[in-house]
Amino acid sequence: MSSNSPTTPAPAFPWVGLLVLAGAIFVSVTSEFLPTGLLPDMAEELGVSESRIGLLVTIFAGTVVISTTPLAALTRAYSRKYLVVIVLLVIATGNVLAAVAPTYEILVGARIIGGLAHGLFWAVVGAYAAHLVPKHQIGRAVAITSGGGTAAFVLGVPLGTALGHALGWRLAFATIGVIVIILAALVLRFLPAVDHRVTLATGEIALPLRKDRSVPGVVILCIIIIVVMTGHNLFYTYIAPWLIGVGGFPEDSIAILLFLFGGAGAIGLVLAGLVSDRFPRAGLIVATSVVAVAVLVLGLFSQSQVVIVAAIVVWGIAFGGLPAMLQTRMLHTASARMRDLAAALFTTSFNFAIGFGALVGGLLLDQFGVISLPAVDVAIITVGVAFMLLSNVWLAARARRPRLG
């Protein structure tokens with residue numbers, strides 16, 4: 001071969017596309033969790049209990065759980081790029097309807113519309129980064145797109161909370177709706193289209209997905225997501241009432257505390273980007289364990305505002321990287337042909353945990369008071385860590401067994 005033979009340059013890392021995806025994730029996550037920061041304001045104006053406003057998170061997430069996999073199956077032949085644009089426009093519609101909803105019941109309808117779009121959005125976007133980059137860059141790409149979710153906790157939810165406290169919660173929802181429309185236009189202009197279909201090799205026989213060797217690992221990861229995120233969300237959904245009622249913080253300081261939590265989460269995301277590809281299992285166990293310890297400290301030292309602030313920062317750092325680490329592990333675990341289904345299952349599991357956690361938290365709030373939430377959170381996350389350890393042993397033993405056939 002001649003030394004002058006041209007070589008094919010490696011494709012450039014798709015920074016613009018990944019950043020546009022991160023922006024879309026930012027507005028979607030902000031939209032989902034906006035009621036968390038505005039819970040007392042919304043309850044007061046609509047004349048309902050705080051637990052019923054918390055139920056909006058459950059309804060939104062429950063809609064995602066029910067609809068994500070069927071919608072993903074129905075739309076699997078359609079362009080991923082244009083699906084992202086369409087679902088963002090529907091999310092914007094749900095936020096605008098929430099902003100003008102005259103009653104709690106109509107607000108519930110608006111959240112259901114948002115949930116339908118949100119589930120399909122994550123089923124598509126969850127695997128999009130893996131379609132844009134080679135497998136060895138998945139962790140880096142996911143860390144970038146997950147930055148949108150972290151930014152939602154750093155800026156989106158705190159700014160929405162501050163805006164809602166200052167000018168009314170309805171304006172906060174309307175503002176998010178407008179921003180979502182702007183992001184849909186940016187996606188249309190800058191997000192590269194991808195071919196998400198997997199072509200069989202010559203002579204390869206298409207097997208049913210249930211026989212794919214990566215299925216057990218995907219299922220185990222879904223269980224881990226459900227357990228850990230249920231524990232997290234049963235407390236985090238009601239963090240504002242806890243900080244006010246138990247921690248003794250004034251209402252107008254909640255946005256600042258949420259900003260601290262989100263800012264710490266950005267640090268956690270950076271750390272996740274550094275360890276996700278090298279230590280996918282150990283990193284996940286360590287981060288989840290630190291979440292449990294931080295929440296335990298919150299519950300035990302709730303009389304000290306200094307300790308509360310410090311624990312919130314540690315909690316934010318540990319939790320900030322968890323979604324990216326879980327998503328990276330899912331994309332590495334699932335085979336190429338399972339990737340889109342795995343993304344849908346990831347979304348379904350996450351949102352089941354968000355909704356179930358908010359529901360359980362609301363029941364505990366009504367029965368035992370908001371002070372009970374940290375202890376239950378810690379207990380559930382501890383179960384999740386134990387399951388991670390046991391499942392890692394089983395998966396390692398399974399990987400050592402020879403394949404049959």
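The values are calculated or read from the model by the stated rules, or taken from the named source; none is laboratory data. A quick note: this is a predicted structure, and the numbers were derived from the prediction, not measured. Backbone-built Cβ (ideal geometry, glycine too); neighbour counts: all protein chains shown.
Before we move on, is LEU39 hydrophobic (A, V, I, L, M, F, W, C), at pLDDT 85 or above, farther than 21 Å from CYS222 by Cα and in a helix (DSSP H, G or I)? Give the derivation first.
Numbers: hydrophobic (A, V, I, L, M, F, W, C): yes; at pLDDT 85 or above: no; farther than 21 Å from CYS222 by Cα: yes; in a helix (DSSP H, G or I): yes.
When the stated conditions are applied, LEU39 does not pass them.
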Residues that are of a type outside the set (A, V, I, L, M, F, W, C) and surrounded by fewer than 15 Cβ atoms within 10 Å (Cβ to Cβ), drawn from region 369-400: GLY369, ARG398, ARG400
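Quickly run through region 109-120 and pick out the residues that are surrounded by fewer than 24 Cβ atoms within 10 Å (Cβ to Cβ) and in contact (Cβ under 8 Å) with a residue 40 or more places away in the chain. Working first, answer last.
At the first step, the residues of region 109-120 found to be surrounded by fewer than 24 Cβ atoms within 10 Å (Cβ to Cβ) are 109-110, 112-113, 116.
Correct list: ILE112, LEU116.
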Taking ARG111 as the residue in question, decide whether it is touching a Leu at 6+ places or on another chain (Cβ under 6 Å) and of a type in the set (Lys, Arg). yes
If you check ALA92 against the conditions, is it more than 20 Å from ALA343 (Cα to Cα), among the small types (Gly, Ala, Ser) and in contact (Cβ under 8 Å) with a residue 24 or more places away in the chain? yes
Can you say whether ALA129 is touching a residue at least 60 places away in the same chain (Cβ under 8 Å), surrounded by fewer than 24 Cβ atoms within 10 Å (Cβ to Cβ) and either among the hydrophobic types (A, V, I, L, M, F, W, C) or in contact with a helix residue (DSSP H, G or I) (Cβ under 9 Å, 6 or more places away or on another chain) (or both), as far as the supplied structure shows? no
Is it true that THR30 is assigned to a helix (DSSP H, G or I) and at pLDDT below 85? no
Contact list, first residue from region 318-336 and β-branched (Val, Ile, Thr) and surrounded by fewer than 23 Cβ atoms within 10 Å (Cβ to Cβ), second anywhere and modelled with pLDDT of 80 or more and part of a helix (DSSP H, G or I), beta-carbon distance below 8 Å, six or more apart or interchain, is THR333/GLY217; THR333/VAL218; THR333/LEU221; THR333/ALA342
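Can you go through VAL57, VAL16, VAL87, VAL64 and tell me which one is surrounded by fewer than 22 Cβ atoms within 10 Å (Cβ to Cβ) and part of a helix (DSSP H, G or I)?
VAL16
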Could you tell me whether any residue of region 24-45 is without any contact (Cβ under 8 Å) to a residue 24 or more places away in the chain and surrounded by fewer than 24 Cβ atoms within 10 Å (Cβ to Cβ)? yes
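Kindly check whether there is at least one residue in region 295-303 that is without any contact (Cβ under 8 Å) to a residue 60 or more places away in the chain and surrounded by 24 or more Cβ atoms within 10 Å (Cβ to Cβ). Write out each step before concluding.
At the first step, the residues of region 295-303 found to be without any contact (Cβ under 8 Å) to a residue 60 or more places away in the chain are 297, 300-301, 303.
Those still in the list that are surrounded by 24 or more Cβ atoms within 10 Å (Cβ to Cβ) too: none.
Looking through region 295-303, none of the residues is without any contact (Cβ under 8 Å) to a residue 60 or more places away in the chain and surrounded by 24 or more Cβ atoms within 10 Å (Cβ to Cβ).
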Report the residue count in region 174-211 for those that are at pLDDT 90 or above and under 23 Å from ARG398 (Cβ atoms). 0
Within region 212-258, the residues that are farther than 30 Å from VAL393 by Cα, touching a residue at least 60 places away in the same chain (Cβ under 8 Å) and in a loop (DSSP other than H, G, I, E, B) are THR237, TYR238, VAL246, GLY247
Yes or no: ALA292 modelled with pLDDT of 90 or more and touching a Ser or Thr at 6+ places or on another chain (Cβ under 6 Å)? yes
Quick check: anything in region 349-371 closer than 24 Å to GLN137 by Cα and at pLDDT below 90? yes
